[in-house]
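The structure appears below as structure tokens.
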Amino acid sequence: MTGRLGDERSTAAEIPRETGEPQQRLPRTLAISWEQHRRTRELCAWLGLPLHEVTFTAPRLKRYAKLAKQTLSLLSQHRPKVLYVQNPSLMLSLLVLAARPFLGRYKVIMDAHNEAVAPFTHAYWPVTSLTRHALRSADVTIVTNAALADQVRDVGGTPHVLPDRLPTPPFAPTEPLKLDGPLRVMVVATYAADEPIAEIIEAARMLGDQYQLSITGRETKLPAEQRARLPANVRQTGFLSEEAYWELMRDSHIVLDLTLKPNCLVCGAYESLALLRPMVLTGNPATVDLFGKVALFPNEHDAASIAECLQRSRAQLGQLNDSVLTEQPRFEQRWLEHGRRLRDKISSWI
């Protein structure tokens, strides 16, 4: 997942591309995010919503106070009829919903990432209670898949399904790679709690030198005793620059991106398809529905299942390569259809 918190700023995001149809800025609209996230930038650019990324690095209470002040200032200055916010941050969403009666009764479109629908990292009260309140109160909640949409409806909200758009790599995608030796596997990781890193490493140990795994993310997040025992066919890349990240993906046969979060669509899957690389993903219903033709799925997240799935990916690499070539343009067309419906809804409110 790209995007980094920087110093305090509020900027209108640039339009990264104009694929599909021209983007014209919609009047009386505003988008606010307290984080920098590619999904938000690309979606707001395509919809024609002026995006303000309001970020500030400081201890939590001071940060929230500063961000809230800047957000209320933006609302007072622009007086939008339609407001888009990214959730997380839950605090941002609650703030703009609470301020609505005083600053114009604008419509609220909440782009809810998985954690904003079904908290995983912070799955405790009052976060879960406030999450349900935000879902009920937003006029539309954007989610990436049908399973999350059902959860939004269950608490009384109004969902709109819109997956991430395929990102634009910094260089033109190359043809999928043919097997020319060991299977090169890029493991997209940040060493977060939902990533089965230990099981992936053990799977590599079981597979041997015909499989070479490169694990992204800061290597020091892996405990020192595990780093000391890495098998010879596993390397940690450390934190990669944007360009180096894409280059590693380009040079890999398979991209592996696993998560324990239910119905989570991982960024690595979109990036892989954009670069025409097949993948190994968690087989939750949302992922199978969206990427089922270009990915393989381990039965479980244990080492043996992951190893078996990588063996299948090696055996089926040719078919998987053919699939990514046909599915990439179809994915983009489906995204445009869903996006147009959302843009029509916004236009009806202006």
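What the table below lists for this structure:
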item: Sequence-distant residues sharing a close amide H with Lys107 (under 5 Å, placed H); result: Val82, Leu83
item: Which label in (1) 53, 21, 14; (2) 37, 22, 19; (3) 33, 23, 17 gives the computed semi-axes √(5λ) of the Cα gyration tensor in Å; result: (2)
item: Using alpha-carbon coordinates, inclination of helix 197-207 to the longest axis of the chain, degrees; result: 20
item: Per residue value of the accessible surface for the chain (all protein chains in place, 1.4 Å probe), Å²; result: 45
item: Most to least packed among 58-64, 321-327, 211-217 [average Cβ atoms within 10 Å]; result: 211-217, 321-327, 58-64
item: Per-residue ³J(HN,Hα) for the range 219-233, Karplus 6.51 cos²θ - 1.76 cosθ + 1.60, θ = phi - 60°, Hz, x for Gly and Pro; result: 5, 6, 6, 8, x, 4, 5, 6, 4, 5, 10, 4, x, 5, 8
item: The range 130-194, accessible surface, carbon-and-sulfur percent (1.4 angstrom probe); result: 53
item: Over the chain: helical MRE at 222 nm, DSSP H runs n ≥ 4 each giving -39500 (n - 2.57), nearest 500; result: -13000 deg cm²/dmol
item: J(HN,Hα) series, the range 245-257, from Karplus relation 6.51 cos²θ - 1.76 cosθ + 1.60, nearest Hz, glycine and proline x; result: 4, 5, 5, 5, 5, 4, 8, 9, 6, 9, 10, 10, 9
item: By average C-beta atoms within 10 angstrom, highest first, the peptides 294-302, 151-159, 83-91, 218-226; result: 83-91, 294-302, 151-159, 218-226
item: Ranked packing of 344-350, 304-310, most packed first, by mean Cβ within 10 Å; result: 304-310, 344-350
item: Amide proton proximity set for Val187, modelled H, under 5 Å, gap of 5+; result: Ser214, Ile215, Thr216, Leu256
item: Helix axis angle, 317-349 relative to the chain longest principal axis, alpha carbon, degrees; result: 0
item: Under 12 Å, Cβ to Cβ, from Lys81 - net charge with Lys/Arg +1 and Asp/Glu -1; result: +4
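The values are calculated or read from the model by the stated rules, or taken from the named source; none is laboratory data. This one's a predicted model, so the numbers in the text were calculated from it and none came from an experiment. Quick reminder, even Gly has a Cβ in these numbers, built from the backbone with ideal geometry, and neighbours come from all protein chains shown. Ligands, DNA and RNA are excluded from the accessible area calculation, which covers all protein heavy atoms including side chains. Shrake-Rupley method; radii C 1.70, N 1.55, O 1.52, S 1.80 Å.
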